[in-house]
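Accompanying notes for the structure given below.
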Amino acid sequence: MKVLLICNDFYHPGNVPIEGIAPLKEKGFNFDIITDAGNFKPSDLQNYPVVIIVKSDQVNHEDKTSWKTAEVQKAFTEFVEKGGGLMAIHSGTVKGENTQELDNLIGCRFLFHPPSADITVQPVKPHPVTEGVGMFCEHDEHYHLEILAPDADILIASYSPGHGDESKYEEDPVRNTPQCICPAGFVRTQGKGRVCVLTPGHNVPVWHNKHFQRTLENAINWCAGK
């Protein structure tokens, strides 16, 4: 199956997801990769059953200008509504200044993360995306999300321990907590298409964890309608 990966921003170099997806090639996936969104054309979407975004609203690692133009966002919406599969992983959930249409399509937006720590990730609901996936723990950024989609079906949760610096968030009781459980994976549909969001993935070992690899494999197949 052909899959398009769009990645690479200032805080999330493209080599991480590129190395992360490498083992999946043995599962029959063929990846085309765009690390410079200046090379992305909305018409590219029609060539793929599934597109993965691991990229905030920055053209590339050095160019922080926006790539999620109104034309691009409309193209993603039409792609999904006509039956395409969209995955947003880790920084793919980070909003831009004017990305409301794409944020709503993905179904969430990134709020913040505390300092990196050993994060426990666990399936919480049976679903094709979580089939054969077990609990795992890796050093990662623990993403906290604002869920936008009423139909977001949460399948995976993540647990973050206290970090000792919660006092700097005293103005926000949600952040000022010794521990927190957050959505780490959910699915939704729009039109004829499917969307899957996964928040782990800041470091290569997370991607290479056997349980996350299985999650990725399952999610790509589910987004493709399999």
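The values are calculated or read from the model by the stated rules, or taken from the named source; none is laboratory data. Because the structure is a prediction, the values reported are computed rather than measured. As a convention, Cβ positions derive from the backbone with ideal geometry for all residues, glycine included, and neighbour counts pool all protein chains shown.
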Worksheet item: Looking at 120, 93, which one is at pLDDT 95 or above and in contact with a Phe, Trp or Tyr (Cβ under 8 Å, 6 or more places away or on another chain)?
Response: 93
Worksheet item: Taking interchain pairs and intrachain pairs at least six residues apart, which have beta carbon atoms under 7 angstrom, with the first residue in the stretch 8-20 and closer than 20 Å to residue 215 by Cα and the second outside any strand (DSSP E or B) and of a type in the set (A, V, I, L, M)?
Response: 16/204; 19/204; 20/204
Worksheet entry | Odd one out for residue 145, checked against (1) under 17 Å from residue 53 (Cβ atoms); (2) modelled with pLDDT of 95 or more | (2)
Item to complete: Please work out which one of (1) in a helix (DSSP H, G or I); (2) out of contact with any strand residue (DSSP E or B) (no Cβ under 9 Å at 6 or more places or on another chain) is the condition residue 105 fails and give its number.
Response: (2)
Worksheet item: Is it true that residue 108 is among the hydrophobic types (A, V, I, L, M, F, W, C) and under 17 Å from residue 54 (Cα atoms)?
Response: yes
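State whether the residues of the stretch 39-51 include one that is part of a strand (DSSP E or B), among the aliphatic types (A, V, I, L, M), buried (at least 16 other Cβ atoms within 10 Å of the Cβ) and modelled with pLDDT of 95 or more.
Looking for residues that are part of a strand (DSSP E or B), among the aliphatic types (A, V, I, L, M), buried (at least 16 other Cβ atoms within 10 Å of the Cβ) and modelled with pLDDT of 95 or more, one finds at least one in the stretch 39-51, hence yes.
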Worksheet item: So which residues in the stretch 83-101 are outside any strand (DSSP E or B) and closer than 12 Å to residue 7 by Cβ?
Response: 90, 91, 92
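Yes or no: the stretch 54-70 includes at least one residue that is part of a helix (DSSP H, G or I) and farther than 20 Å from residue 152 by Cβ. Please lay out each step first, then the result.
To start, the set of residues in the stretch 54-70 that are part of a helix (DSSP H, G or I) comprises 70.
After this cut, where a residue has to be farther than 20 Å from residue 152 by Cβ as well, the list is 70.
The answer is yes; a qualifying residue exists.
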Item to complete: Name the single residue, out of those in the stretch 118-160 being of a type in the set (D, E, K, R) and in a loop (DSSP other than H, G, I, E, B), that is surrounded by the fewest Cβ atoms within 10 Å (Cβ to Cβ).
Response: 151
Item to complete: Return the residue satisfying two criteria in turn: it lies in the stretch 186-226 and is over 19 Å from residue 136 (Cβ atoms), touching a residue at least 40 places away in the same chain (Cβ under 8 Å) and out of contact with any helix residue (DSSP H, G or I) (no Cβ under 7 Å at 6 or more places or on another chain), and of such residues it is surrounded by the most Cβ atoms within 10 Å (Cβ to Cβ).
Response: 223
Response to the item:
Residue hits (the stretch 2-52; on the phi > 0 side of the Ramachandran plot and not polar (S, T, N, Q)) are 28
Discussion item. Cβ-Cβ under 6 Å, sequence separation 6+ or interchain: first residue in the stretch 34-56 and touching a residue at least 40 places away in the same chain (Cβ under 8 Å), partner in a loop (DSSP other than H, G, I, E, B) and among the aliphatic types (A, V, I, L, M). Which pairs?
Written reply: 49/224; 50/224; 56/94
Practice prompt. Run residue 153 past the list (1) modelled with pLDDT of 95 or more; (2) under 26 Å from residue 204 (Cβ atoms) and report the number of the one that doesn't hold.
Written response: (2)
